[in-house]
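Working notes for the structure below.
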Amino acid sequence: MNKKYIFVLLFISSIVIFSWFRNGNFFAGGEESLSTWNSIKMASTYGSSWIDMGLGYPSPFWLPRIPVYFFTYLLSYFFNPSTIQAILFWVLTSSAGIGMYFLAKYFFGENRKTISLLAGLFYILNLYTQSQVWARFVFAGFFAWASLPLLLFLWIKWFSEGKCKHLFLFGIFSVLFSSAYSHPAFIISFWSVSLLFSIFRFKKTYIPRIVLGIFIWTLFNIWWIYPYFKLQSTVISNIHDWKYDLASLGGVSVDSKISDVLLLRHKFFFERLNYWGNFYKGSLSYFVSFAILAITIFGFVKARILKEYKYLMTLAIIGLFICKGTNPPLGNALFGFLFENVSFARAFRSSYEKFGTVWLMVYSLFFAYGFGFIYQKATHIWKFILVGFFIPLTLIVLVWPMWGQGPFSPAASVRVPNDYKVADDYVKALGITGRILSLPMIPGEGVKYDWGETSYYGLEPSDILFSDPVVSKTVRYNLADDKYMSLYNTFTQNKNIDNLLSEMDIEYFILHNEIDPKYSNASSSAEIKENLKKYSQIKFLKSIGFLDIYKNLNYTPNNYQKISPGHYVVNVTNANKPFKIILRNSFSPLWIARINKEVIFDHFVAYGYANAWDIDKAGSYRVDLIFKIWPWQ
């Protein structure tokens, strides 16, 4: 029976996650911002290929997150954001350990449950997971780490046994963990290890299983795969020369030399940053790491009797070679060739982070196998030492941040002021129909907010904290960013901004008095207050804690009705001459205007960024403005 082993993994995961959230704080910052704080808005916003934040922009990368945002949306009826995040992290950690346990049990055999449990525990509690999964704080990385062993196990079971239940579970779990696919590198990583197994076990009679397995995965995930390829030409274009990506990989590879990869370390996190003090620069941490490596190498040698040894050995070699990046031997030459000739290979311009879960998975298997072999041959006193001293050193002492305050940057723990909820409710009660402009405007995307007990560092989060669209930063979509910077330059130079506010649909302003202006190279809130006094059309309404709220008195409401982020309706009454319809969202050729079933083809850019159509039809009728992704739209 597997129940007691699964219980151990669930119990350890519970202790770890409880220790992180015992103070009730929320972990945020970096590129993820406050990603699960406002679950209702995130579920509605990212349920479309058109992201209705800022001036709007197309993106297929958020769509794979729909299942997790739907999950957190349901939880939001019962729990606060911090508890929701804790539950989500517990699910991910438990899934990672349980998936690794079943995968190890497949490779080791049914009678090796204890060392399979060790593989699951080690997969959760190790230096790679600490630094490259949690400390990096990237959602796709969380889900890739949590899902890889489980999905590989289900693929192996389907491929080996051909049972439909395994194929069905494979499809279901690929959807539940689809957030991993928001970065293409993790898609490549998963399919490379799965298809490699199929190659090693290949028989002609297995071809239908491979084809059907790929088909089911594609069918279950078509809801994000189709938009991904549909938007490829407009969003996922190769904006950089391959040499730029090679140089980027070379820059990060200095922290992941072969010696670092073999010890599951990363110099940037364990030596240059001061997240966890000087412990990881000391001899004890290195001693334990070298002992783990020695046992792993021993397991690599002794595992030759396993049926799938050649497969695991190949994975280990490939994993080590990719994770070391451009470091010798042949790293620069190989990646240079791949980046120049295979475009999707450029997704690995941070190869240790993106392929490291594969390396860690194999590493965990060999470590557990080596430890089990040593334990089996050891005397009673050595068994006591191994279990009583070495295991605690490995799973507790070496990764002590995983049991304490959490493996995150100390700055990642935040308490969001209630001011934002009060301000959001206040603006909604005023009947907002346009956009909010966040002040001070920042010439980029990163901010530091001093929230009293804690500070926030990361992408400007107002578009998450407020229910309505907020123009607050650049979004890496040229038309939107150019328009934003045009307003930024005009505003900071104290020039007339009335036309720009109208063109960008700005109705309200939220001034952040808690901003650190030096961090963002922005004006101080005091300077902004003085500047706002020069604009007679901008009226101060109310102060709510850190926030000041203003209204644009010259705002003219839109003449279109929003049905969803990718669908607006304009009701035309008694038109008797040609006119223009301007949708103040960033231009994309995928936006269409349709009257009944007739598409209006005269589509052009207005205001330097927005969508516009010339309409030459008399009478009263309805015009649908649709961001057209699917053929039936």
Determine, yes or no, whether Gly24 is on the phi > 0 side of the Ramachandran plot and modelled with pLDDT under 90. yes
Going by what's in this entry, would Val261 be described as open to solvent by 10 Å² or more (accessible area, probe 1.4 Å), assigned to a helix (DSSP H, G or I) and closer than 24 Å to Phe408 by Cα? no
Under the condition of being in contact (Cβ under 8 Å) with a residue 40 or more places away in the chain and among the charged types (D, E, K, R), which residue from the range 513-527 is least open to solvent (accessible area, probe 1.4 Å)? Glu514
How many residues are more than 29 Å from Trp400 (Cα to Cα), of a type outside the set (A, V, I, L, M, F, W, C) and open to solvent by 30 Å² or more (accessible area, probe 1.4 Å) if we restrict to the range 285-318? 5
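Name the residues in the range 3-16 that are open to solvent by 10 Å² or more (accessible area, probe 1.4 Å) and touching a helix residue (DSSP H, G or I) at 6+ places or on another chain (Cβ under 7 Å), would you?
Let us first name the residues in the range 3-16 that are open to solvent by 10 Å² or more (accessible area, probe 1.4 Å), namely 3-8, 10-12, 14-15.
The answer is Tyr5, Ile6, Val8, Leu10, Ile12, Ser14.
A quick yes/no check of all residues on (1) of a type in the set (S, T, N, Q); (2) in contact (Cβ under 8 Å) with a residue 40 or more places away in the chain; (3) touching a Phe, Trp or Tyr at 6+ places or on another chain (Cβ under 7 Å); (4) on the phi < 0 side of the Ramachandran plot:
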{"position": "Ala247", "(1), (2), (3), (4)": "no, no, no, yes"}
{"position": "Val252", "(1), (2), (3), (4)": "no, yes, no, yes"}
{"position": "Ser259", "(1), (2), (3), (4)": "yes, no, no, yes"}
{"position": "Leu264", "(1), (2), (3), (4)": "no, yes, yes, no"}
{"position": "Lys267", "(1), (2), (3), (4)": "no, no, no, yes"}
{"position": "Phe270", "(1), (2), (3), (4)": "no, yes, yes, yes"}
{"position": "Trp276", "(1), (2), (3), (4)": "no, yes, no, yes"}
{"position": "Phe279", "(1), (2), (3), (4)": "no, yes, no, yes"}
{"position": "Gly282", "(1), (2), (3), (4)": "no, no, no, yes"}
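Is it the case, given these coordinates, that Asn574 is open to solvent by 20 Å² or more (accessible area, probe 1.4 Å), over 35 Å from the mean Cα position of the chain (by Cα) and of a type outside the set (Gly, Ala, Ser)? First the steps, then the outcome.
Values: open to solvent by 20 Å² or more (accessible area, probe 1.4 Å): yes; over 35 Å from the mean Cα position of the chain (by Cα): yes; of a type outside the set (Gly, Ala, Ser): yes.
In short, yes.
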Would you be able to say whether some residue in the range 196-203 is at pLDDT below 95 and under 21 Å from the mean Cα position of the chain (by Cα)? no
Which of the strands (runs of 3 or more DSSP E) contained wholly in the range 528-570 include at least 3 residues that are closer than 26 Å to Ile51 by Cα and open to solvent by less than 40 Å² (accessible area, probe 1.4 Å)? 547-552
The one condition in (1) buried (at least 21 other Cβ atoms within 10 Å of the Cβ); (2) in contact (Cβ under 8 Å) with a residue 60 or more places away in the chain; (3) of a type in the set (Val, Ile, Thr) that Thr36 fails to fulfil: (2)
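Give the range 496-509 a look and list any residue that's part of a loop (DSSP other than H, G, I, E, B) and surrounded by fewer than 16 Cβ atoms within 10 Å (Cβ to Cβ), or say none. Before you say what the answer is, go through the steps one by one.
Initial filter on the range 496-509 (part of a loop (DSSP other than H, G, I, E, B)): 496-497, 504-505.
Across the range 496-509, the qualifying residue is only Asn496.
Hey, could you check the range 17-69 for residues that are in a loop (DSSP other than H, G, I, E, B) and of a type in the set (Ser, Thr, Tyr) and say which is farthest from Arg476 (Cα to Cα)? I'd like the intermediate steps shown before the answer.
Filtering the range 17-69 for residues in a loop (DSSP other than H, G, I, E, B) gives 22-25, 28, 31-32, 34-38, 46-49, 52-56, 59-62.
Right, trim to of a type in the set (Ser, Thr, Tyr) and you get 35-36, 46, 48-49, 59.
On the way: Ser35: 18, Thr36: 21, Tyr46: 17, Ser48: 18, Ser49: 15, Ser59: 10 Å.
Ranking the candidates gives Thr36 first.
The values are calculated or read from the model by the stated rules, or taken from the named source; none is laboratory data. These numbers come from a predicted model, not from an experiment. Methodologically, a virtual Cβ is constructed for each residue, glycine included, from the backbone with ideal geometry; neighbour enumeration extends over all protein chains shown. Only protein heavy atoms, including side chains, enter the accessible area calculation; ligands, DNA and RNA are left aside. Shrake-Rupley method; radii C 1.70, N 1.55, O 1.52, S 1.80 Å.
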